[in-house]
1. Looking only at residues that are surrounded by 10 or more Cβ atoms within 10 Å (Cβ to Cβ), more than 20 Å from Val75 (Cα to Cα) and of a type outside the set (A, V, I, L, M) in segment 1-26, which one is farthest from the chain's Cα centre (by Cα)?
2. State which residue is farthest from Gly12 (Cα to Cα) when the search covers only segment 46-86 and only residues that are touching a residue at least 12 places away in the same chain (Cβ under 8 Å) and of a type in the set (Ser, Thr, Tyr).
3. Across segment 27-58, what is the total count of residues that are over 20 Å from Val75 (Cα atoms), touching a helix residue (DSSP H, G or I) at 6+ places or on another chain (Cβ under 6 Å) and either of a type in the set (D, E, K, R) or buried (at least 17 other Cβ atoms within 10 Å of the Cβ) (or both)?
Amino acid sequence: MGVGLADLFTGGRIVDIIFAVMAVEALVLILVLRRPAGMVATMLLPGACLLLALRGALTGAHWSLLAGSLALAFVAHLVDVGRRAR
């Protein structure tokens, strides 16, 4: 049988699908649009960290994993904003 939409969320699989979409986005930015890999990484890292926190919340991970992922997302966001401000 197929996987229901609710199962995608409760098992955290939806996050894996979003990560796959982000990987394709990164490849397009780097290979097609010729953006520097470092720029692409700093641009996508905050969202990836937020997705890790979401996956942890959906799967019942320990609170420290959520807090760490959120803190890392904040730091990555500040780095990205700083890069863009230059």
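1. Filtering first and then ranking leaves Asp7.
2. Top of the filtered list is Ser69.
3. 2
Every read-out reported here was derived from the displayed coordinates using simple, explicitly stated rules and does not represent laboratory data. Keep in mind the model is a prediction, meaning the values are calculated, not measured. Here the Cβ is made from the backbone with ideal geometry for all residues, glycine too, and neighbour counts use every protein chain on show.
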